[in-house]
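Q: First the structure, which I've put down as structure tokens, then a few questions once you've had a look.
The values are calculated or read from the model by the stated rules, or taken from the named source; none is laboratory data. Quick caveat: nothing in here was measured; it's all calculated off a predicted structure. Here the Cβ positions follow ideal geometry from the backbone for every residue, glycine too, while neighbour counts run over all protein chains shown.
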Amino acid sequence: MLKDIYLSGNSKRSRLIYLSGYLLLPLILYAIPLEWLKNQHSVCLFKLITGKECLGCGMTRAVFSALHFQFSGALAYNKLVIIVLPVLVFIWMKGIYKLWSSLKN
């Protein structure tokens, strides 16, 4: 039974569904209102315990601000977005490339 589940994950149809999800991910994230995200409480365990911000605090808001083309706001939330956002875009594009090339085979 597990073999059938594993093999079904490698079908061309499932890879096409994964590729569609990868391509739609930025649009789905863009559809989340930035104002809603700004009003959420912090989930950073370090900040909740110590009251001080860690190096990653504000990164989610920074990435979402950059996705909404508000780069000055992204830098205000966390300056490391300059490094993290290109890495995330690279990982996203690499995933698309892998799925695309697997569909050709």
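Q: Only one of (1) surrounded by fewer than 15 Cβ atoms within 10 Å (Cβ to Cβ); (2) modelled with pLDDT of 90 or more; (3) in a helix (DSSP H, G or I) is not met by SER65, so which one is it?
A: (1)
Q: Let me ask you something else. Residues of the stretch 13-62 being without any contact (Cβ under 8 Å) to a residue 12 or more places away in the chain, surrounded by 10 or more Cβ atoms within 10 Å (Cβ to Cβ) and assigned to a helix (DSSP H, G or I), which ones?
A: Correct list: SER14, ILE17, SER20, GLY21, LEU24, PHE46, LYS47, LEU48, THR50.
Q: Tell me, please, whether a residue that is charged (D, E, K, R) and surrounded by 12 or more Cβ atoms within 10 Å (Cβ to Cβ) can be found in the stretch 80-96.
A: Checked against the condition, which is being charged (D, E, K, R) and surrounded by 12 or more Cβ atoms within 10 Å (Cβ to Cβ), the stretch 80-96 yields no hits at all.
Q: Scanning the stretch 68-79 for residues that are part of a loop (DSSP other than H, G, I, E, B) and not basic (Lys, Arg), which turns out surrounded by the fewest Cβ atoms within 10 Å (Cβ to Cβ)?
A: Step by step, filter the stretch 68-79, then rank; the result is PHE69.
Here is a yes/no grid of residues against (1) touching an Asp or Glu at 6+ places or on another chain (Cβ under 7 Å); (2) under 17 Å from LEU25 (Cβ atoms); (3) small (Gly, Ala, Ser):
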residue	(1), (2), (3)
CYS44	no, no, no
THR50	no, no, no
GLY58	no, no, yes
LEU67	no, yes, no
LYS79	no, no, no
ILE83	no, no, no
